[in-house]
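Read-outs throughout are calculated quantities, based only on the coordinates presented, and are distinct from any laboratory measurement. These figures come from a predicted structure and were not determined experimentally. Ideal geometry is used to build each Cβ from the backbone, glycine not excepted, and the neighbour counts take in all protein chains shown.
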Amino acid sequence: MSEPVPEPSGEWQRLHPLSPLLRGGVVLLAILGYAASQLFDTFLNSLGFGDLFVGTDGSPIDEPDGGGDPFTTAVHHPFLALAGLVVFLGLIALVNWVSWRFSRFRVGGGQVELRQGALFRQHRQVRLERVQAVELSRPLLARALGLARVVVQSAGGSDSTLTLSFLGLDRAESLREHLLELAGRTDEVATHPAEGNAVGPDDVAPPHPWAASQPVLEVPNGRLFVATILHGSTIALGALVVFGLLGAGVRSVGPLALAGIPALLPVAIGIAFNRVKELLTHGNFHLADAGSGVRVQEGLTDLRATTIPLHRIQALELVQPLWWRPVGWYRIRVNVAGSGGMGEGEGQRETTLLPVGTLADARTVLALVAPGVPAAAWDTAVLGGGGDPTWRGQTTAARWLDPLSWRRNGWTDVASAVLLRHGRLTRRAIAVPHARIQSLTVRQGWLETRLGLATVHVVPAPGPVSPVLAHLDVAHAEGFLAEVSERARTARRRSEPPRAPLAPDPPGLVDWSRHPQGTPDAERP
Amino acid sequence: MADPLPATPLRPAEVTLRGGDLPWRPVSPALTRVRLISLGVVLAPLLVATVVVGLLVTRWVLIGTLVLLLVGAWLAWLIGRQVSAISWVELDEEIVIRKGRLFRSLVSVPYGRLQYVDIQSGPLARAHGIASCEIHTASPESGGSLPGLPVAEAEALRSRLAARGEAQRAGL
């Protein structure tokens, strides 16, 4: 199903005819699964109590339209059930067709547009120079049918994505490339990558930024599996179960302890669900160097590929959870402008650059995505225990609030970024490029006032990384503000984009009026 | 790239959590009145209700009245303190807003990061000639709001911010 590559001239085009069906795929599967289970039930019942069904049909298995099945009615009136099924399928087909007829998209005039809906019309548009990333996503069903979904992400939070689901794989890939090419080109006009790019490479300006990518590393699924299990929640649960079993041995509390174990079941299911989701999201993880960006491919069932342009990276976090310390593993996450990241689910997957890796892996990734921060600085940031000459940190006044980590918590400046570190058990190092700081905040709670401390927030664009430096001496916090503000000023001046003719920006990147929830306006009281 | 810079002394802090030499500007005292009126609108019906019930049914309810009065007085005092704690200053490249006494906060937003600026003013605030100026950046956490500016000043501030934002605009 290789349809013609979309032309930049901008003809309205349709999605793949099967797409509405596929979008409702989960529901359909659920209905089919339910029907099948009912059929199975009836079958089992008829084996057990065969005489109940003798009157209807003779053979209990002979119920081809088991889809109806609530339940004896359908058994007694097979034709009615069949008719119901036909009408049901017909309705699905009709809705499918209408939905397909009314879904159209086009690329042209400097933007991507998508129109959807027969009754409730929706028109969403994303300007090409605002495109942050274009990714392909392939859920299991779509993969089986050779289809893919194209997700166009733009600046402006989780709701500003434009999703084209579904297109044939070839068409989707060529569209993605086409969009990236257009976006990349306009982007170069707009931001001047060599300058706007404080963390990124200084002198990389390949002729075609989205050229073929070079594999950098992959995460073995076995390691990911172990790492997924090594999580606070699973360990706490395991400890509880062990205590429960031990307690069962003690006569006095035995019954109580045993009764407690089933009570943990909902919690256990929740944890298992969460862990499995993590595994599904980050399975088959591959990272590749795409010149001016990194290409992430991941997903155990729903395989997704995203390219994150380096200059869209707003903050980086290298973290080693306590449970990973014995095995020496690390995780790297980033804030990317426009990849949402407010919600856990969707944002998380596009912002993890290393779900789990050794220190060497982490260094490789960091060298790739943040060449502005020297490797030695990262090492001190994540491993240093305090007393490092270039780091400034908390004083003994913070000892009561951070008894374990007060020697370690602190910050330093590298050439192009501010580097924070905190946590003694779970060790965290965060880098925010000076040119990406949105604002700076100093807060002081009541207890901090008493102790003469204050907390500093370096605010980048939203994402999973939130750089906070807690409990500094007040004068130190104010000094931090002055120092980092000055560096941010210099960096902004350097990165000021030569304003392309697109100024001034129109109010919306996306047609917000159609999407009242999640718009910037939702912030207002 | 170079090694981390040595920990040289920090540059002197101009922007401070308390006091300071900068020309910090207070907000309009009308904000206190507006907030007190809002408080009154919430509390008054409750007070009346407790008094009526107290006189008609049981005197014990009057204890509630007393508690309400005390809470009201405390909140009124708090409102005065809070409003007098709000101050702001426009620097060369940032606008800085300070708020709060018990829980202090200071937000420094570079003009170049402004996405848009809103002026908001409800009927009550309008009647008292004040408006609030809401500053939005690309990060929902990092905006600041500056309540209680005289309407003309809020408008002027908005156009100044917009002009500087355009002049100093930095890419995302």
Open item on the list: For chain B, set up a GNM with springs between Cα atoms under 10 Å and report which of B:PRO140, B:PRO12, B:PRO26 has the largest fluctuation.
Closed with: B:PRO12
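Summarise the partner chain shielding of A:482-492 as one whole number: the mean count of Cβ atoms from other chains within 10 Å of each residue's Cβ. Before the final figure, lay out each step's value.
Numbers: counts 8, 6, 2, 10, 3, 0, 7, 8, 0, 1, 9.
Rounded to a whole number, the mean comes out at 5.
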Open item on the list: Quick check: pseudo-label points 7 Å beyond the Cα along Cα→Cβ at A:ARG450 and A:LEU94, how many nm apart are they?
Closed with: 7.0 nm
- [ ] Take the alpha carbon gyration tensor of segment B:30-82, find the square roots of its eigenvalues, order them as a ≥ b ≥ c, and report rounded if a/c is under 1.5; if not, report prolate when a/b exceeds b/c, else oblate.
- [x] oblate
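How do the peptides A:303-312, A:171-180, A:433-442 rank, highest first, by the average count of neighbouring beta carbon atoms within 10 Å per residue? Provide the component values of the computation, followed by the final result.
Working: A:303-312: 23.2, A:171-180: 19.8, A:433-442: 26.6.
Ranking, from highest mean packing down: A:433-442, A:303-312, A:171-180.
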Open item on the list: If I model a spin label at B:ALA127 and A:ARG424 as a point 7 Å from the Cα along the Cα→Cβ vector, what separation in nanometres do I get?
Closed with: 5.7 nm
TODO: Using Cα centres only, tell me the gap between segment A:406-447 and segment B:117-133 in whole Å.
DONE: 36 Å
TODO: Please list, in chain and number order, the residues 5+ apart from A:ASP289 or on another chain whose amide H is under 5 Å from its amide H, with Hs placed from the backbone.
DONE: A:GLN214, A:VAL216, A:ARG295
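To the nearest whole number, what is the average tally of beta carbon atoms from other chains within 10 Å of the beta carbons of peptide A:368-375? Intermediate results must be reported in sequence, preceding the final value.
Working: counts 0, 0, 1, 1, 1, 2, 4, 1.
Neighbouring Cβ atoms belonging to other protein chains average 1 per residue here.
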Task: Amide proton proximity set for A:VAL336, modelled H, under 5 Å, gap of 5+ - done: A:GLN314
Task: Inter-chain shielding of A:452-460 (mean C-beta neighbours from other protein chains, 10 Å cut-off) - done: 3
Task: Rg [Å, one decimal], Dmax [Å, integer] - segment B:87-167, C-alpha atoms - done: 12.5, 37
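Classify segment A:272-323: rounded, prolate or oblate, from the alpha-carbon gyration tensor (a ≥ b ≥ c, eigenvalue square roots; a/c under 1.5 rounded; otherwise prolate if a/b is larger than b/c)?
Working: a/c = 2.68, a/b = 1.36, b/c = 1.97.
Since a/c reaches 1.5 but b/c is at least a/b, the shape of segment A:272-323 is classed as oblate.
So how do B:76-82, A:282-288, B:87-93 stack up, highest first, on mean other-Cβ count within 10 Å? Let's see the in-between values first.
Values: B:76-82: 14.7, A:282-288: 20.6, B:87-93: 16.3.
For the peptides B:76-82, A:282-288, B:87-93, the packing ranking is A:282-288, B:87-93, B:76-82.
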- [ ] Give me the distance in nm between label points sitting 7 Å out from Cα along the Cα-to-Cβ direction at A:GLU486 and A:LEU32, one decimal.
- [x] 6.7 nm
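To one decimal place, what orientation-averaged projected area in nm² is obtained for the convex hull of the Cα set of segment A:310-495?
On the way: hull surface 41.2 nm².
Quarter of the Cα hull surface area: 10.3 nm².
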